[in-house]
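Working notes, beginning with the structure itself.
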Amino acid sequence: MNRVFVTGGSGSLGKSLILNLLSTTDSVVVCYSRDPHKQNELIALMGNHPNLRAVVGDVRDEDRLKWMMRGSDVVVHAAALKHVDAGEYAPGEYHQTNIDGTENVAKAAVTVRVEKCLFISSDKAVAPYNLYGRTKAVAERIW
């Protein structure tokens, strides 16, 4: 059985991915996010699925990432601040999550020797003209 570690697992994209994984595989899936309320909603939606693990944590915390990621076969990095307009007024927050957080996930995955890693980006990174797109473009280069 594989262990799949999903950052941003309680967000819209992470949640969809986790629902799909749990309904199509026998993998243990770890939902790593900083929102315990959304994690509890996911757990309830899945009817306390025995292969779902919810872990509160932030991609800004590299040490916690390493600790929680240990034993994972696959990492999917879906965590990001994604609201285009909000990013224009909180550039430091977007930098810390989308850029520094991505670097932390990549470094943690290398440190704990995760076999496969996937990064979720955005079409906004192709020709970025706003802060969100720029942070995702930099994150792509880090990944």
message: Going through G47, G11, G87 one at a time, which residue ends up being touching a helix residue (DSSP H, G or I) at 6+ places or on another chain (Cβ under 6 Å), at pLDDT below 95 and not hydrophobic (A, V, I, L, M, F, W, C)?
response: G87
- prompt: Which one is most open to solvent (accessible area, probe 1.4 Å), of the residues in the range 58-107 that are under 13 Å from the mean Cα position of the chain (by Cα) and β-branched (V, I, T)?
  reply: V74
- prompt: Do you know which residues across the range 92-137 are part of a helix (DSSP H, G or I), at pLDDT below 95 and not hydroxyl-bearing (S, T, Y)?
  reply: D123, K124, A125, L131, G133, R134, K136, A137
- request: Assess whether D35 counts as being closer than 22 Å to K107 by Cα, of a type in the set (D, E) and either open to solvent by 20 Å² or more (accessible area, probe 1.4 Å) or at pLDDT below 95 (or both).
  value: no
message: Can you list residue pairs whose Cβ atoms sit under 9 Å apart, with the first residue in the range 32-53 being without any contact (Cβ under 8 Å) to a residue 24 or more places away in the chain and the second being open to solvent by 40 Å² or more (accessible area, probe 1.4 Å) and not in a loop (DSSP other than H, G, I, E, B)? Count only pairs 6 or more apart in sequence or on different chains.
response: P36/A54; P36/V56; N40/A54; I43/A54
- prompt: From the residues in the range 108-143 that are more than 21 Å from P91 (Cβ to Cβ) and without any contact (Cβ under 8 Å) to a residue 12 or more places away in the chain, which one is most open to solvent (accessible area, probe 1.4 Å)?
  reply: R113
statement: All conditions in (1) open to solvent by 70 Å² or more (accessible area, probe 1.4 Å); (2) over 27 Å from R134 (Cβ atoms); (3) touching a helix residue (DSSP H, G or I) at 6+ places or on another chain (Cβ under 9 Å); (4) touching a residue at least 40 places away in the same chain (Cβ under 8 Å) are true of V4 except (1)
task: Name, by its number, the condition in (1) more than 18 Å from V138 (Cα to Cα); (2) surrounded by fewer than 17 Cβ atoms within 10 Å (Cβ to Cβ); (3) over 15 Å from the mean Cα position of the chain (by Cα) that does not hold for M46.
output: (2)
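The values are calculated or read from the model by the stated rules, or taken from the named source; none is laboratory data. Computed from a prediction, not measured in an experiment: that's the story for all the values here. Cβ sites come from the backbone with ideal geometry, for glycine too, and all protein chains shown count toward neighbours. Heavy atoms of the whole protein, side chains included, go into the accessibility calculation; ligands, DNA and RNA do not. Shrake-Rupley method; radii C 1.70, N 1.55, O 1.52, S 1.80 Å.
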